[in-house]
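Every number in this text was worked out from the coordinates using simple rules, so none of it is lab data. Computed from a prediction, not measured in an experiment: that's the story for all the values here. Reconstructed Cβ throughout: ideal geometry from the backbone, glycine too, with neighbour counts over all protein chains shown.
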Amino acid sequence: MFAIGGKKDQAKAAALRAAPKSASKTSGGSVRPSNHPKLSMYTETPSADISLETFEAFALDRMRVLKAIDDGLSRGKKPAEMEQLMNEETGKHLKITDVVPGDFSTLGGAPLSKDEVSHFALRLAYCRTEELRRWFLLNECQLFKHRFNKLDAYAKAAFLEEHDMEYKPLKPETFAEKRKGISEVLHGIMKRDDAEKILNAGASGFYAVPFEEVADLVRGRRVFMADGEAYVPRDQLTSLVVGAFRASLSKSLAVASRRWAQHVAGEERERLAPVIVSLSKRYLGRDFGKPGDAGERGSVVTLKDLPSAAKTSFPLCAKNLFDAVRREHHLRHEGRRQLQLYMKGIGLSLEEAMLFWKTEFCKKIPAEKFEKEYAYAVRHAYGKEGKRVDYTPHTCMKCISSNPGAGEHHGCPYKTFGEESLTAALGGLSIAPHKVRDIVQKAKAHHYQLACGMTFEATHGKTIEEGVQHPNQYFDESRKALGFGASGKEGDENKETGSASPVTPGAAGARPARPSIQPAPVSA
Ligand code: SF4
């Protein structure tokens with residue numbers, strides 16, 4: 001067990017938890033109670049003792065939801081499809097009513113919310129770099145917006161009042177009095193039908209907001225103003241509230257980042273820090289260092305197959321490392337590690353891996369030097385040295401989060417390559433120039449895994465349905481698409497189906513290319 005939140009916060013947090021659902025500051029306030037569960041702005045750190053396992057399990061559940069949101073956005077899903085996706089994902093993994101199991105009565109409050117615990121766990125995990133913060137912020141805002149939109153009018157009003165957002169529903173008599181002015185503004189900025197739809201909602205379709213909070217709308221004459229207040233249509237209220245949430249979370253992430261660097265990383269080095277660090281890199285798919293559920297180990301590749309496999313089936317990260325070691329007959333530590341584990345994941349045996357590294361390195365250094373300085377690391381990657389751990393190949397997240405220096409080749413090329421180098425690398429894969437441009441644009445927009453998925457599609461004529469999440473998954477999907485079986489032999493896959501030939505990119509009969517795919521980091 002360990003405590004989340006500082007001890008000072010305990011009484012405060014318990015008191016807050018003890019507050020009624022969708023609490024309303026009813027004393028003097030105008031808000032009626034609502035049955036909707038309370039939506040959190042995550043301004044108060046929950047505080048209680050929970051087990052490290054529960055903490056981690058909750059964090060992973062939230063990650064599943066955020067990852068699904070990120071995937072959906074990157075795949076260009078429409079708003080209605082996103083709504084459905086978020087309903088399904090939150091229903092499965094993160095109901096707002098879920099609580100931490102246990103008796104919290106001694107703390108004087110209701111049970112701790114899973115939603116809040118998991119948010120704060122991931123906040124800590126994703127506060128550590130700018131890229132992680134951006135990813136977390138984007139997807140948390142989407143989740144928050146979805147939940148805010150689902151609140152009924154009373155719960156919305158309670159939320160606004162509780163968080164001191166001075167956005168009041170318009171009084172019917174005020175609406176009646178100002179209807180003409182409001183109508184003129186709306187008809188001036190949108191189509192007649194749209195304006196009428198908003199006006200027909202009456203007073204309940206508008207909120208009165210202090211004008212300085214919507215300065216851009218006021219400046220653009222996009223809202224009706226009276227007595228220092230702007231009358232904002234309900235739809236735009238969501239943007240305002242989400243904007244406030246984004247600003248608050250962004251600030252909190254910056255604070256958490258400083259705290260992490262100054263205290264948590266050091267003080268919790270043994271216990272919490274490793275869990276937190278691993279969370280942002282966690283890959284929720286198959287472990288490519290181990291056999292799959294059905295006992296499969298991915299395609300098996302032998303030394304002699306490596307060059308052709310690299311050409312047709314390696315993702316850009318592995319191909320870049322493979323080409324570098326064959327060109328320079330050397331790779332720095334991080335690059336060696338990434339490629340060694342990747343090659344282990346595609347089924348290259350230890351003996352053949354050793355031969356590969358020795359052959360390449362010994363074009364530049366004597367065999368004794370290789371034995372002394374490099375052979376150990378190859379055996380170590382296979383769990384034959386040191387603690388004898390069967391290390392797993394790097395996930396996309398891990399590759400994306402690394403920052404190679406000059407002369408290093410590890411990481412994800414969609415992130416680390418400049419525009420020119422990426423264009424050249426993709427051109428080398430015989431991808432049509434207009435597709436290369438699209439892929440480079442995706443990479444520039446930080447959608448590295450999406451860009452990688454588009455490369456797969458351009459070179460294989462198929463998509464990876466669940467998106468690219470792991471370099472070894474890319475390899476396995478490529479082998480499947482090209483008709484290789486688990487033995488690594490071409491045609492294996494087709495024996496059972498009776499299909500005559502492997503599917504090749506652009507070949508007649510290959511599945512038509514679909515619109516772009518994606519997943520994304522838990523990239524961040
Ligand atoms: S997205 Fe993943 S598989 Fe693709 S190049 Fe980057 S790290 Fe490799």
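Here are the numbers for the structure shown:
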{"item": "Coarse-grained scattering of segment 199-245 at q = 0.16, 0.27, 0.28, 0.32 Å⁻¹, given as base-10 log I(q)/I(0) from a Debye sum over alpha-carbon atoms", "result": "-0.39, -1.05, -1.11, -1.27"}
{"item": "Cut-off 15 Å between beta-carbons: net charge of the residues surrounding Ile182, Lys and Arg +1, Asp and Glu -1", "result": "+1"}
{"item": "Nearest-0.05 FRET efficiency for Ser421 and Glu268, computed from C-beta distance (R0 41 Å)", "result": "0.55"}
{"item": "Shape category assigned to segment 144-236 from the gyration tensor of Cα positions, a/c cut at 1.5", "result": "prolate"}
{"item": "Estimated FRET transfer efficiency when R0 is 35 angstrom, pair Thr97-Glu130 (beta carbons, to 0.05)", "result": "0.55"}
{"item": "Cα-based shape type of segment 303-497, given that a ≥ b ≥ c are square roots of the gyration tensor eigenvalues and the cut on a/c is 1.5", "result": "oblate"}
{"item": "Three-way shape label, segment 306-410, alpha-carbon gyration tensor, a/c 1.5", "result": "rounded"}
{"item": "Cβ-Cβ FRET estimate between Leu350 and Ser308, R0 fixed at 30 Å, reported to 0.05", "result": "0.90"}
{"item": "Nonlocal amide H pairs with Val99, under 5 Å, H built at 1.01 Å", "result": "Lys114"}
{"item": "Subset of Lys311/Lys444; Lys197/Lys251; Lys78/Lys251; Lys304/Lys372; Lys311/Lys369 violating a 32 Å alpha-carbon distance limit", "result": "Lys197/Lys251"}
{"item": "GluC sites (Glu not before Pro) within segment 409-482: DSSP coil, no more than 16 neighbouring Cβ in 10 Å", "result": "Glu465, Glu466"}
{"item": "Potential lengthening between Val277 and Lys251 on full extension [0.36 nm per residue; Cα-Cα distance subtracted]", "result": "7.3 nm"}
{"item": "Candidate aspartates and glutamates - alpha carbon under 17 Å from Lys480, same-chain residues fewer than 8 apart omitted", "result": "Glu296, Asp305, Glu457, Glu465, Glu466, Glu490, Asp492, Glu493, Glu496"}
{"item": "Inter-site label distance for Asp323 and Glu371 at 7 Å from Cα along Cβ, in nm", "result": "3.5 nm"}
{"item": "Spin-label model distance (nm) - Arg234 vs Arg219, 7 Å beyond Cα toward Cβ", "result": "3.0 nm"}
